Amino acid sequence: MSKPTPISGFPEWLPSQRMIEQYVIDHIRRTFELYGFAPLETRAVEPLDQLLRKGETSKEVYVLRRLQAAEDGTEDDALGLHFDLTVPFARFVLENAGKLVFPFRRYQIQKVWRGERPQEGRYREFLQADIDIVDRDTLPPHYEAEIPLVIGDALGSLPIPPVRIQVNNRKVCEGFYRGIGLTDPEAALRAVDKLDKIGPEKVAALLMETAGADDKQAAACLRLAEISAPDASFADQVRALGVTDPLLDEGLDELVRVVEVAAEYAPGLCVADLKIARGLDYYTGTVYETQMVGYEKFGSICSGGRYDNLASAGSDRFPGVGISIGVTRMLGLLFGAGALSASRSVPTCVLVALPAEERRGECDRIAAALRRRGIATEVAPSAAKYGKQIRFAERRGIPFVWFPGGQGEADTVKDIRSGDQVEADAAAWSPPEADLRSTVLKGPDQQSQ
């Protein structure tokens, strides 16, 4: 086999990085469950007409087909790999509404695929961790204020830089655009959503080209997008622009509630930022984008919002609100910066030294006794000199080496970091709690945070 060529955009972590990823996943999952979200996993594929009906995603969807055509010349229904977890979840709700209790709270931690250009922090295959709350017919707006609190708890206690959630409400933007006379508010939203990428001059030109804005209307849109505040004062700044519209007032009231609740329960977590729009068309209310402090140039690591019509069919309507953590995106940025590491490269806590090959059975029994008590243990691969076996443990970060005793001698266990060695019984000895499992460590740049 020739040396394989890597495929860009499909990350494969080293074992130590994968352990960090699993730690992060477990922590996020526990937090989601503390808030009452139930687990769910949906299939990897969806019908193309469902994937393509909302938002500007047609260039990103991977199409699924068999390598060989069917014998009768027909093909299966066109399928694509899902590009997010919200569209599959909406479909799941519609198919299983009779079996669910509403409001329904679910979390989903699963791979998704997008055919975009790979770059730092952006991948073609990546892991997302989603939460959504859906209800039948109507969804009270207080759930839009709850979502950021869950994310604040899920990310705030991880060994990562602080996060800040930027919030806006599409009703504010759409109502404002209508108030100044724009007839295509969705096109205006898509243009303003590119502000950080292309700058105000190009956004103004895009507003005139795609949304039918004139110079004054484009300038007004940019003035709205400049408003940002960590408290409810943003509402006064919007009203000072002199634009009136019922939808604008409704959106301001909802956004004030989100910001005030966050300020009460998690000061500093949220900031109202009226340039946040989100590119997917299915959002109808509050929208969220989350940045890690110090990594702002890479954009959002966690985003989502309110949707009223995504999960609807005929007279059945299930409005919802949700947010997604880009786990792979977040970790990829931190790994690239050397900001996270594992205390050891394997789960093993104890290496049982092998005095001689004929004593392997005895060593296996020691290892089994330790494992029964929840201590990750492996036996040395060969009966090399003890110095070589200790160096094997050191290279892998294993903190303890267990030495079986000879005839009439007790077993001993050595902390190879400090050199301390004590007599031990496999039925009773335990390592310090901090050494029982590999831990996640901050990089040098994060130690002061």
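The values are calculated or read from the model by the stated rules, or taken from the named source; none is laboratory data. The structure presented is a predicted model; accordingly, all values stated were derived computationally and were not measured. Backbone-built Cβ (ideal geometry, glycine too); neighbour counts: all protein chains shown. Surface accessibility is based on the protein's heavy atoms, side chains included, excluding ligands, DNA and RNA. Shrake-Rupley method; radii C 1.70, N 1.55, O 1.52, S 1.80 Å.
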Open item on the list: I'd like to know which of Pro39, Ser382, Phe126 lies farthest towards the positive end of the charge dipole of the chain, counting +1 on Cβ of Lys and Arg and -1 on Cβ of Asp and Glu.
Closed with: Ser382
Task: Options Thr183, Trp402, Ile7, ranked by Cα towards positive dipole end of the chain, top entry (Cβ charges) - done: Trp402
TODO: Please find, in a Gaussian network model of the chain (springs between Cα atoms separated by less than 10 Å), the residue of Glu250, Glu125, Glu423 whose mean-square fluctuation is greatest.
DONE: Glu423
- [ ] Name the long-range amide H neighbours of Arg317: under 5 Å, sequence gap of 5 or more, or other chain; modelled H, no Pro or chain starts.
- [x] Asp137
TODO: Return the whole-Å distance between the Cα centroid of the range 345-417 and the Cα centroid of the range 268-343.
DONE: 46 Å
- [ ] Can you tell me the alpha carbon radius of gyration of the range 251-327 divided by the globular rule-of-thumb value 2.2 N^0.38 Å?
- [x] 1.22
Open item on the list: Per 0.36 nm of contour for each residue apart, how much would the distance between Lys442 and Leu14 grow if the chain were fully extended, relative to their Cα-Cα spacing?
Closed with: 152.3 nm
TODO: With a 10 Å radius around each residue's Cβ, average the other Cβ atoms per peptide and rank 39-46, 349-356, 139-146, highest first.
DONE: 349-356, 139-146, 39-46
TODO: In whole angstrom, note down how far apart the Cα centers of the range 89-149 and the range 173-213 are.
DONE: 27 Å
Open item on the list: Rounded to the nearest 10 Å², what accessible area does Arg391 have for a 1.4 Å probe in the complete protein model?
Closed with: 130 Å²
Open item on the list: If packing is taken as the average number of other Cβ atoms within 10 Å across a peptide's residues, how do 213-224, 285-296 rank, most packed first?
Closed with: 285-296, 213-224
TODO: When a/c is below 1.5 the answer is rounded, else prolate if a/b is larger than b/c, else oblate, so apply that to the range 110-208 with a ≥ b ≥ c taken from the square roots of the Cα gyration tensor eigenvalues.
DONE: oblate
- [ ] Can you find, among Ala313, Ala262, Cys221, the residue farthest towards the positive end of the dipole of the chain? Put +1 on the C-beta of Lys and Arg, -1 on that of Asp and Glu.
- [x] Ala262
Task: Qualifying aspartates and glutamates (Cα of each under 18 Å from Cα of Lys99; at least 8 residues distant if same chain) - done: Glu41, Asp132, Asp135, Asp137, Asp316
Task: Where the Cα pairs of the range 186-229 fall when distances are cut into 10 Å bins, in % - done: 33, 60, 7
Task: Cα-Cα over 28 Å, subset of Lys3/Lys385; Lys59/Lys197; Lys202/Lys442; Lys297/Lys442; Lys59/Lys216; Lys385/Lys442 - done: Lys3/Lys385; Lys202/Lys442; Lys59/Lys216; Lys385/Lys442
Open item on the list: Leaving out ligands and nucleic acids, and using a 1.4 Å probe, what accessible area per residue does the chain come to in Å²?
Closed with: 48 Å²
Open item on the list: Once R0 is set to 30 Å, what does the formula 1/(1 + (r/R0)^6) return for the Cβ-Cβ distance between Val101 and Gln50, expressed as a FRET efficiency to the nearest 0.05?
Closed with: 0.75
Open item on the list: What does the C-alpha gyration tensor say about the overall shape of the range 382-445? Classify as rounded when a/c is under 1.5, otherwise prolate if a/b is larger than b/c, or oblate.
Closed with: oblate
Task: Counted charge near Ala232, where neighbours are those whose Cβ lies closer than 13 Å (Asp, Glu -1; Lys, Arg +1) - done: -4
TODO: Springs between alpha-carbon atoms under 10 Å, Gaussian network over the chain: tell me which of Ala426, Ala235, Ala342 tops the mean-square fluctuations.
DONE: Ala426
TODO: Express the carbon and sulfur contribution to the solvent-accessible surface of the chain as a percent, rounded to the nearest whole number, probe 1.4 angstrom.
DONE: 50 percent
Open item on the list: Looking at the chain as a GNM with Cα springs under 10 Å, which of Gln128, Gln119, Gln17 has the largest mean-square fluctuation?
Closed with: Gln119
Open item on the list: Per residue of the range 131-147, what does 6.51 cos²θ - 1.76 cosθ + 1.60 with θ = phi - 60° give for ³J(HN,Hα)? Whole Hz please, x for Gly and Pro, Karplus curve as stated.
Closed with: 10, 9, 10, 10, 9, 8, 6, 9, 10, x, x, 5, 5, 5, 7, 6, 3
Task: Electrostatic dipole magnitude of the chain [Cβ: Lys, Arg +1; Asp, Glu -1; Cα centre; debye, to 20] - done: 1420 debye
Open item on the list: If the reach is capped at under 27 angstrom between alpha carbons, list the lysines near Lys388, excluding any in the same chain fewer than eight residues apart.
Closed with: Lys414
Task: Tyr386-Glu33 FRET efficiency (beta carbon distance; Förster radius 45 Å; 0.05 resolution) - done: 0.50
